[in-house]
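J.: Encoded as structure tokens, here's the structure I'll be asking about.
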Amino acid sequence: MLSVFQRQDMYDSVVVDREQDVVLTTGQLYGLQVRREVDRSFKPVIPFAPHLFGSGKTRFVKSYLELLKSMGERALIGPENISDYEKDRRRSFLDKLHETILLYVDLTELKPIDPIEEKRNLKWAVHYLLFKSACLKSGQGQPDPDECYNVLQLRTTVLVKRIREVLNMRSNQFLLVAFDEVGVLDESYGDFDFETTQDGKVFPYNDFVGIIRGLCKQHNVFFIVVGKSEGLSIHNYAISVSRVELTFIPLSPLEKHSIIEHLEKSSSSMFTGSPKVSQILCHQHFSTSELAELLLEPTGGVPGLLVKAINYLLQCRLSQDHLLLSKESFWMIMNDSIATNYCVDPLLPRLSSLSKTRQRLLKMLTLLALYHIRFELGELVHLSSTCAVFLFDLVTDMCFYRRLIVDENHQELYEVLIPKLLIRYIEQSVNNDRLEWLLLQTLKSQPVEFFYESKCRVFEGLVATMFYLQFCYHPTDSLMFSTLGQLSPVWNEMNLKFSSEYTAYYMKSIHYTRSTSEVERDTFGINDWKKIVEEMLEFEKIYIPFEPTSRSPDILFKLHGRTSEQNLIVGIACKGRWSSNGIRWNEIVDEACKFLQPVHDQVVTVHPTLHCMLVIMSTKLSTCVATDLNHSSHCYSFGDRVAGDFWIPRNCELIILSESDVENFIGKDILSSLRSAFKSTDNPHSRSIGISTVQEMVLSLSKNI
């Protein structure tokens, strides 16, 4: 393991899985050209990527033209039904786009420039930086500011003409300007004289976007703007004030298949023959697929974090020629603080200095990430009665990432991604917050692959978290534990206090037959309950099967007897029933058949001191079930018959909780909001659930500590 890491690029990384972003960007560039041809008073459209470090925005804009050529006509001509005339028009535009000159402009170089009378003029500083970037690209060296000013005189027509001359461009050739690091404008308040509103406020981005709007009037000039910023706020101001339409480039994190492609296409000249990264790091007993899955876990598929992790692994491989990667050696390397510090270095200052306000919002964002609650673009988070921020911008401000989802109704939604590499550093900032620690540790145990197959599981997540907190902190004060104790004598004999702070844990799912593969994601079979109980349920953890379709309860845990060797295996079936149709007897019997019966047959018969309990926790019972139970919670014990179909086995119990007991446990207002959100879809987003409800969940959970 390296004690000092050489901070250098160890390989030539290839950009992958950006087809969606290329299509969107190309469509916006085409839209600008069409508007410009039709109406001189047009509203310009500009592709905009307001993302955090590591999202791949710089690599994307620098590689855009190359990616465009590799896609061919698919970049602008899709499956939609358009006329032959429109297709020909788009092909003509693509032909010209393939000959485009890209001018990359780094806005960190933006600063006040002589002459003195224009030194605080942002427009002049932008014009000069554009011309300087063109001169440096052509190898002419840095131009003299005074001479430039005398020639250009803040005239956009002259500026574009001089840039074309410097870059040796034809008059009808496309010029694509890529502005990077637009976030520097946040720190430029004292450098330039910005326009002031009537109430004395200044908005640097409005001034900047206004300058681009003026440049868009020039023929055959196009723009892309990227960089960390309050993207949605800028977007809204640009439309209303600057009359410019900014369109977000998603740049979502990479999935496993894309990481495999990246490993197989990228090469390293640091090794003899410039082999592919997959050839360097993988071998007969360690496949590219395995490496991709392992890399996905700590990085979350965030391109910048992924590239840094691969760089570190290549450096280890170069310095230790005998190193053969495996799952064990991978984690030994990546869990070392030198590796993690290297990977997250650009984010460390921000992560280590969370303000009180941001710490308070952290739990809410962690819940969104953990329970996979999606949010809409314009969602607001109220910091106080007079202050609100866009959730879209808050995710960036908190050093987290977004993933764009287009649902079945073609609505664009976002999910919060918190890469596991960041969790250690977030914990250091909130080391006295036990709830945040629990949520982050639970998130850490959740396979990242779950994020890419995500479905809102807020009900199961809430129940699991509530049980864990009450086991750790308030077992004697828990109303739910008291209810279970009144129903079950066995429950009363258990030690309900967890001895240490383990966290909720995501376990492999259970299916009819056990499936295995070359990767970690195995599943248990329905005949593996002895192994599950002995191996998976030994520690004081709340276990949640990975998949919602698991042939098991939604939550599993094991309790030990206080004075004897008696143990209790508990399964909780969280049955979210949000419409008028509550859970029926046949569904309850099905839950009992897939848990109580196999656990009894495979485990209890071998271990007579072991008991098994299934708790049905449903948000709504059918009229028939509720009436039969007299609207009260009920416990069925050994020998009892359930619904005429199922006999409770020896040492087993089935508890059906009443709607009122479930409501008291979760919270009436929270449950009401969930019921409203889930009524029309099984995967609701935050506006349906309500950000205020998520914040109420945080408060409710906090009360249990």
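J.: Can you tell me the equivalent ellipsoid semi-axes for the range 596-657? Use √(5λ) from the Cα gyration tensor, largest first, whole Å.
T.: 25, 11, 9
J.: Sticking with this structure for a sec: What list of ³J(HN,Hα) values in whole Hz, one per residue of the range 171-178 in order, does the Karplus curve 6.51 cos²θ - 1.76 cosθ + 1.60 (θ = phi - 60°) give from phi, with Gly and Pro shown as x?
T.: 5, 9, 7, 6, 10, 10, 9, 10
J.: For Lys575, give me every one of the aspartates and glutamates with a C-alpha distance below 16 angstrom, ignoring sequence neighbours fewer than eight places off in its own chain.
T.: Those aspartates and glutamates meeting the cut-off are Glu460, Glu547, Asp554, Glu587, Asp590, Glu591, Glu659, Asp661, Glu663, Asp682.
J.: Leaving out ligands, DNA and RNA, what percent of the accessible area of the chain is carbon and sulfur, probe 1.4 Å? Intermediate values should be presented prior to the final figure.
T.: On the way: 14110 of 29640 Å².
Of the solvent-accessible surface of the chain, carbon and sulfur hold 48 percent.
J.: Quick one: Karplus J couplings for the range 219-226, per residue in order, coefficients 6.51, -1.76, 1.60, θ = phi - 60°, nearest Hz, x for Gly and Pro?
T.: Rounded to whole hertz, the list is 5, 6, 10, 9, 9, 10, 10, 9.
J.: Shifting gears a bit: Could you state the principal axis extents of the C-alpha atoms in the range 635-693, from the largest down, to the nearest angstrom?
T.: 47, 22, 16
J.: Same structure again: Given H placed 1.01 Å from N in the peptide plane, which residues other than close sequence neighbours of Lys575 have an amide H under 5 Å from its amide H?
T.: Under 5 Å from the amide H of Lys575 lie the amide H atoms of Met617, Ser618, Thr619, each far enough along the sequence or on another chain.
J.: Same structure, new question: Let me spell out the model: positive unit charges on the Cβ of Lys and Arg, negative unit charges on the Cβ of Asp and Glu, origin at the Cα centre of the range 568-658. What dipole size does that give, in debye rounded to 20?
T.: Taking the Cα centre of the range 568-658 as origin, the dipole is about 200 debye.
J.: Quick check: from the Cα gyration tensor, does the range 552-609 come out rounded (a/c under 1.5), prolate or oblate?
T.: prolate
J.: Quick one: Debye curve from the C-alpha atoms of the chain, no solvent, what's log10 I(q)/I(0) at q = 0.05, 0.07 Å⁻¹?
T.: The computed values of log10 I(q)/I(0) come out as -0.31, -0.58.
J.: Probe 1.4 Å, all protein chains in place: accessible area of Asp640 in Å², nearest 10?
T.: Taking all protein chains as shown, Asp640 has close to 60 Å².
J.: Using only the Cα atoms of the range 588-701, what do you get for the radius of gyration and for Dmax, in Å?
T.: 17.3, 50
J.: Sticking with this structure for a sec: In terms of modelled amide H atoms, which long-range or inter-chain residues lie less than 5 Å from the amide H of Val642?
T.: Trp647, Ile648
J.: Cross-link list Lys161/Lys265; Lys137/Lys228; Lys62/Lys123: which exceed 32 angstrom alpha carbon to alpha carbon?
T.: Going by Cα-Cα distance, Lys161/Lys265 fall outside the 32 Å limit.
J.: Over the chain, give the accessible area per residue in Å² for a 1.4 Å probe, as an integer.
T.: 42 Å²
J.: Could I ask something else about it? Got a number for the accessible area of Ser658? Probe 1.4 Å, square angstrom, nearest 10.
T.: Per-residue accessible area (Ser658): approximately 10 Å².
J.: For the range 124-267, report the translational diffusion coefficient in µm²/s to the nearest whole number, using Stokes-Einstein at 25 °C, 0.890 mPa s, and a Kirkwood Rh over Cα pairs. Show your work: numbers first, answer last.
T.: Values: Rh = 17.5 Å.
Once the numbers are plugged in, D ends up at 140 µm²/s.
J.: Show me, for the range 274-282, the HN-Hα J-couplings you get by feeding each phi into the Karplus relation (A = 6.51, B = -1.76, C = 1.60, θ = phi - 60°), rounded to Hz, glycine and proline as x.
T.: Values, residue by residue: 6, x, 5, 4, 4, 6, 6, 9, 10 Hz.
J.: Quick one: which residues, 5 or more positions from Phe498 or on another chain, have an amide H under 5 Å from its amide H? H modelled 1.01 Å from N in the peptide plane, none for Pro or chain starts.
T.: Amide H to amide H, under 5 Å and 5 or more residues apart or across chains, Phe498 pairs with Cys472.
J.: Then there is this: Using unit Cβ charges (K, R positive; D, E negative) and no other charged atoms, how large, in debye to the nearest 20, is the dipole of the range 557-605 about its Cα centre?
T.: Numbers: 6 positive and 5 negative charges, 43 e Å.
Using only the charged Cβ atoms, the result is roughly 200 debye.
J.: With only alpha-carbon atoms counted, please give the Rg and Dmax of the range 370-443, in Å.
T.: Computed over the Cα atoms of the range 370-443, radius of gyration and Dmax are 14.1, 43 Å.
J.: So how strong a dipole does the chain carry about its Cα centre when Lys and Arg Cβ are +1 and Asp and Glu Cβ are -1, to the nearest 20 debye?
T.: 980 debye
J.: Another question, then. To make sure I understand the rule: partners must be lysines, Cα under 24 Å from the Cα of Lys703, and not fewer than 8 residues away in the same chain. Which ones qualify?
T.: The qualifying lysines are Lys356, Lys363, Lys444, Lys497, Lys541, Lys668.
J.: Leaving ligands, DNA and RNA out of it, rank Arg213, Arg403 by accessible area with a 1.4 Å probe, largest first.
T.: On the way: Arg213 55, Arg403 30 Å².
From most exposed to least exposed: Arg213, Arg403.
J.: Same structure again: Which whole-number percent of Cα pairs in the range 14-113 have a distance greater than 24 Å?
T.: 30 percent
J.: Tell me the Kirkwood radius of the range 330-425: reciprocal of the mean inverse pair distance over distinct alpha-carbon atoms, in Å.
T.: Answer for the range 330-425: a Kirkwood hydrodynamic radius of 14.9 Å.
J.: Based on DSSP, what percent of beta bridges with both residues in the chain are antiparallel, to the nearest 5? Walk me through the numbers on the way to the answer.
T.: Working: 27 of 65 bridges.
The antiparallel fraction comes to roughly 40 percent.
J.: A follow-up question, please. Taking a ≥ b ≥ c as the square roots of the Cα gyration tensor eigenvalues, with a/c under 1.5 meaning rounded and otherwise prolate when a/b beats b/c, else oblate, which class fits the range 69-138?
T.: prolate
J.: While we're on this one: When ranked by the protection proxy of mean other Cβ atoms within 10 Å per residue, highest first, what sequence do the peptides 405-412, 375-382, 175-182 form?
T.: Listed from highest to lowest mean packing, they are 175-182, 375-382, 405-412.
J.: What helices in the chain pass both tests, a Cα length along the helix axis of 20 Å or more and a mean Kyte hydropathy of 0.5 or higher, using whole DSSP H runs?
T.: Values: long enough: 19-38 (28 Å, -0.27); 122-138 (24 Å, 0.56); 303-319 (24 Å, 0.74); 356-371 (23 Å, 0.22); 458-472 (21 Å, 1.41); 585-599 (21 Å, -0.01).
Within the chain the helices that satisfy the rule are 122-138, 303-319, 458-472.
J.: Now for a separate question. Please compute one quarter of the surface area of the Cα convex hull for the range 409-480 and express it in square nanometres.
T.: Mean shadow area of the hull around the Cα atoms is 6.8 nm².
J.: Follow-up. Compute from the Cα atoms of the range 42-189 the Rg and the Dmax, the latter being the longest Cα-Cα distance, and quote both in angstrom.
T.: Radius of gyration, then largest Cα-Cα span, for the range 42-189: 17.8, 56 Å.
J.: Here's a follow-up. Can you spot the aspartates and glutamates whose alpha carbon is less than 12 Å from Lys256's alpha carbon? Ignore those fewer than 8 places along the same chain.
T.: Straight-line reach from Lys256, under 12 Å: Asp17, Glu290, Glu293, Glu297, Glu449, Glu453.
The values are calculated or read from the model by the stated rules, or taken from the named source; none is laboratory data. Small disclaimer: the values here were computed from a predicted structure and weren't measured. Cβ coordinates were reconstructed from backbone atoms using ideal geometry, including for glycine residues, and neighbour counts include every protein chain displayed. Protein only, heavy atoms only, side chains kept; ligands, DNA and RNA dropped before computing areas. Shrake-Rupley method; radii C 1.70, N 1.55, O 1.52, S 1.80 Å.
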